[in-house]
Every structure is written in C-alpha cells, then in structure tokens.
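The values are calculated or read from the model by the stated rules, or taken from the named source; none is laboratory data. What you see is a predicted model, and the numbers here were worked out from it, not measured in a lab. So basically every Cβ, Gly included, is an ideal-geometry build from the backbone, and we count neighbours across all protein chains shown. In case anyone asks, the SASA skips ligands and DNA or RNA and just uses the protein heavy atoms, side chains included. Shrake-Rupley method; radii C 1.70, N 1.55, O 1.52, S 1.80 Å.
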Amino acid sequence: MKRIGVLTGGGDCPGLNAVLRATVKTAHDSGLEVIGFKDGFRGVVMNEYIPLTPKEVVGILVKGGTILGSSNRDNPYHFCLEQKGETIYADLSDQAVANMERLGLDCLIVIGGDGTLACAYDFMKKGVKIIGVPKTIDNDLNGTDLTFGFMTAIDTATDALEKLHTTAESHHRVMVLEVMGRNAGWIALQAGIAGGADVVLIPEIPFTLERVAKKIFERKKRGRNFSIIIAAEGAKPEGGQQVVKRIVEGSPEPIRLGGIGEKIAQGLEENTGFESRVIVLGHLQRGGKPSAFDRILASRYGVAAVRMASQGLFGMMASLQGTEITTVPIEVAIKELKTVPPDGEMVQTAHSIGISFGAEHRS
Ligand code: F6P
C-alpha cells in the first residue's frame with residue numbers, strides 16, 4: 001500500500017471533516033499518501049483532487065461540512081454533461097476508473113450513505129478496491145448501529161423542540177416540526193423522545209389526523225392547551241402518499257421529500273380549532289459543528305478505514321455494533337434501508353411515556 005484515495009459523497013453531514021482528519025493522520029503515520037477527490041464521485045470522473053497531508057487537516061475536527069466538497073447528484077454511471085447548450089447524461093464510470101489507475105491508487109475510501117455506497121459497490125465490480133465509511137444524518141444505513149452525523153442532527157432537532165415549547169405554551173398553539181430522514185423515522189422518533197414531543201409521525205407508522213387530533217383534545221382535557229408534533233418528512237397518512245418536494249434529475253436519489261408538516265398543521269387547525277404553525281428544520285440538521293459524540297465516532301471510523309485498507313479488507317464498510325467498531329460487507333449495507341421497527345423497543349418506549357404515533361394501537 002502506497003497511496004489511497006478518499007471522497008465524501010451524498011448530503012453533507014456533521015463529522016465528515018473529523019473522518020478525513022483521522023484518515024489522513026492514520027495514513028500519514030503508516031507512510032501512506034492520501035489523495036482527496038473533490039465533490040464526491042464528480043472529482044473522480046473529472047480527475048479533480050487535492051493531496052491531503054496532516055497540514056490540510058489542521059483545525060478541521062470541529063468544522064461542519066467537508067473540506068473536499070460533496071455532491072448528492074453526480075452519478076458517474078449517469079453523469080450530467082452540458083454539450084452545445086444541451087443537457088445529456090453519459091456513463092463515465094470507465095473514465096473514473098482510468099483516472100484512479102493513472103493516479104496509482106491502491107484503494108478508495110468512500111465516506112457516504114446508501115446512494116454513494118451503492119455507486120462505490122458498482123465500482124467494486126469494475127475491480128476498484130473500496131472501503132466504506134457510514135455517513136448520514138438519517139441513520140438509515142443497514143449493517144451499522146449508527147452512522148456519524150445522526151446524533152448531531154438529533155441534538156439540533158431536540159433543541160428546536162425545546163424552543164418550540166415556549167411559543168406553543170405561551171400562545172396555546174399546536175407546533176409541528178418537520179424534520180429530515182427520507183424514508184426512515186429515526187430523527188423524528190429519537191428527537192421526539194429527547195425533546196418531549198406529544199406526537200411523533202414517522203414513515204414506518206402511517207397516521208390519521210383524527211387520531212392526532214384525539215391526542216390534542218386529550219391533552220386539552222388535562223389542561224394542556226398546546227401540543228408539540230414532530231413529523232418526519234417521509235411520514236404519510238394511512239392509505240396516502242408521501243409529499244414530494246422536488247425531483248433532482250440524474251441524482252442517485254432523485255426524490256426529495258418535504259411539505260408534510262404544512263399539510264398536518266393545516267389539517268389540525270381545521271379539525272381542532274387550535275391555531276397551528278409549521279417549522280421546517282431543513283438543512284440546519286446537516287449544518288454546524290459535530291457533537292462530541294460524532295467527533296469521536298467519526299474519528300473511530302476514519303482510523304478504522306485506514307486499518308482496514310492496510311489489512312486488505314476491501315469491499316467492507318466500517319461499522320459500529322454495540323460499542324465496538326467492526327466491519328460488514330458493503331453489499332449488506334446497501335441491501336436494504338434500516339428503518340424504524342414499528343413494534344420495536346424504541347417505539348414502545350415512546351408510547352409508554354405518552355407519545356402518540358397517530359395510529360390505531362399506538363395512539
Ligand atoms: O440524506 C440526507 C438528507 O438530508 C435527507 O434527510 C433529505 O431528505 C435529503 O438529504 C435532502 O437533500 P437535499 O440537500 O438535496 O435537499
């Protein structure tokens with residue numbers, strides 16, 4: 001092993017820089033050179049990269065985002081090109097492989113979620129040696145207990161819930177906080193528990209507005225003239241659809257969700273007479289410095305990735321299982337999404353402390 005490549009792909013996420021820092025420091029100690037590709041797989045296709053030495057990673061542990069840049073729309077297998085004023089899509093994966101060969105890379109460390117790692121898996125089939133690092137605020141990656149960035153997003157959403165209590169209580173309102181998470185309700189569920197939400201709406205448990213309204217009236221009877229609802233962007237009503245905000249052409253994950261919070265707030269105002277407001281937390285969940293927990297987890301993942309490369313554990317992803325960092329095949333990580341088990345302990349805990357899911361046996 002002489003030279004390794006690294007890239008950060010998909011949506012940015014607190015802790016990306018901490019992984020890069022740990023990767024570079026560990027590689028440097030083992031006498032390995034590191035090449036950092038710019039903007040995820042775009043940099044591999046376009047051959048845009050920077051050498052990463054310990055100097056480049058000074059002071060980045062606490063910084064949000066990624067010093068390499070990232071992209072959640074550039075797919076080497078369906079790459080967007082502008083030609084003579086027209087947009088066309090082409091498979092430039094072989095060009096990407098040729099670039100990596102020309103650079104003499106012994107392996108590529110891919111820091112990403114399921115979309116980025118699925119793309120990395122396709123490169124494995126072309127002979128590229130890949131090591132995966134699990135990233136996403138959504139925590140929906142299979143094969144690991146936690147992705148880095150998730151706990152920081154939980155802190156942000158929890159803080160928002162705490163602040164919303166103030167206005168909800170003072171003005172006797174229903175406040176609906178819409179959070180990210182795509183098709184998984186991890187952020188809504190865990191922030192809901194930590195932030196004292198009365199109702200948690202997640203994609204895994206379809207809701208009805210009637211049952212949510214029932215919870216609000218029950219609270220009113222007990223003299224609680226306000227309610228706090230946290231809704232995952234992927235939450236959907238029974239028999240209904242998720243709300244799609246936009247389609248990003250060419251992206252490995254073209255569907256962007258968003259807008260369910262507004263529908264819930266409107267519906268509840270009509271149903272209950274309670275003045276209701278929606279707050280979309282959006283990209284605040286991805287921004288800012290990583291929490292101490294995520295700095296530690298990201299550092300552990302970065303060190304593990306380089307050790308895995310040295311041991312020739314290609315095709316594997318660093319993974320947290322219990323309290324240990326271990327490895328799982330990338331194939332397992334991308335096989336299916338890790339969603340909230342509707343009858344799992346965490347949902348039952350929420351239910352036992354009075355949280356409604358707006359559903360029949362969990363209202
Ligand atoms: O996967 C991370 C994530 O933040 C999701 O929670 C969200 O649905 C999506 O990315 C938003 O993507 P974009 O930044 O392209 O709007």
Heavy-atom accessible area per residue - the chain, 1.4 Å, Å²: 42
Computed helical MRE - 222 nm, the chain, DSSP H runs ≥ 4 contributing -39500 (n - 2.57), nearest 500: -11000 deg cm²/dmol
Under 19 Å from the Cα of LYS215 - lysines, other chains or at least 8 residues apart: LYS236, LYS263
Other-chain or far-sequence residues with amide H under 5 Å of ARG182's (modelled H): GLU233, GLY234
Pairs beyond 23 Å (Cα-Cα), from LYS163/LYS220; LYS2/LYS38; LYS55/LYS126; LYS163/LYS245; LYS38/LYS129; LYS25/LYS63: LYS55/LYS126; LYS163/LYS245
In order through the range 181-198: 3J(HN,Hα) via Karplus (6.51 cos²θ - 1.76 cosθ + 1.60), integer Hz, x for Gly, Pro: x, 6, 8, 10, x, 4, 5, 4, 5, 6, 5, x, 5, 5, x, x, 5, 8
Sequence ranges 102-111, 76-85, 147-156, ranked by mean other-Cβ count within 10 angstrom, highest first: 147-156, 102-111, 76-85
Length added when fully stretched, ASP159-THR323, from 0.36 nm per residue minus Cα-Cα: 56.4 nm
Amide hydrogen neighbours beyond the local backbone of HIS78, cut-off 5 Å, H modeled: LEU92
Pairwise label distance in nanometres, GLU56 with GLU210, each label 7 Å out on the Cα-Cβ vector: 5.9
Solvent-accessible area, 1.4 Å probe, carbon plus sulfur percent, for the range 97-146: 44
For the range 194-323: relative contact order, % (alpha-carbon pairs under 8 angstrom, 6 or more apart): 17
Gained length - HIS171 relative to ARG3, 0.36 nm times residue gap less alpha-carbon distance: 54.5 nm
Cβ-defined net charge surrounding LYS245, 10 Å radius [Lys, Arg +1; Asp, Glu -1]: +1
Given charges at Cβ of Lys, Arg, Asp, Glu: the chain dipole, positive-most of LEU92, PHE41, PHE150: PHE150
Dmax and Rg, reported as Rg then Dmax, of the range 193-325 (C-alpha, Å): 20.4, 63
Amide H within-cut-off set for LYS135, under 5 Å, with H built and near neighbours excluded: GLY112, GLY113
The range 163-256: GluC sites (Glu not before Pro) in DSSP loop, at most 14 other beta carbons within 10 Å: GLU238, GLU249
Karplus 3J(HN,Hα) series, Hz, for the range 145-152 with 6.51 cos²θ - 1.76 cosθ + 1.60 (x for Gly, Pro): 5, 9, 9, 6, x, 5, 5, 5
Sequence-separation-based contact order of the range 143-237, relative, with Cα cut under 8 Å and 6+ spacing, percent: 36
FRET E, pair ASP94, GLU48, Förster distance 22 Å, beta-carbon r, rounded to 0.05: 0.80
Gaussian network model of the chain, springs between alpha carbon atoms under 10 Å - residue of GLY40, GLY59, GLY250 with greatest fluctuation: GLY59
Accessible-area composition of the range 264-334, carbon plus sulfur, in percent [1.4 Å probe]: 53
Cleavage-rule hits (GluC sites (Glu not before Pro)) in the range 262-363: DSSP loop, at most 15 neighbouring Cβ within 10 angstrom: GLU275, GLU336
Most mobile listed residue (ARG222, ARG295, ARG277) in the chain, GNM with C-alpha springs under 10 Å: ARG222
Extension gain, GLN83 back to SER310 (0.36 nm per residue minus Cα-Cα distance, nm): 77.5 nm
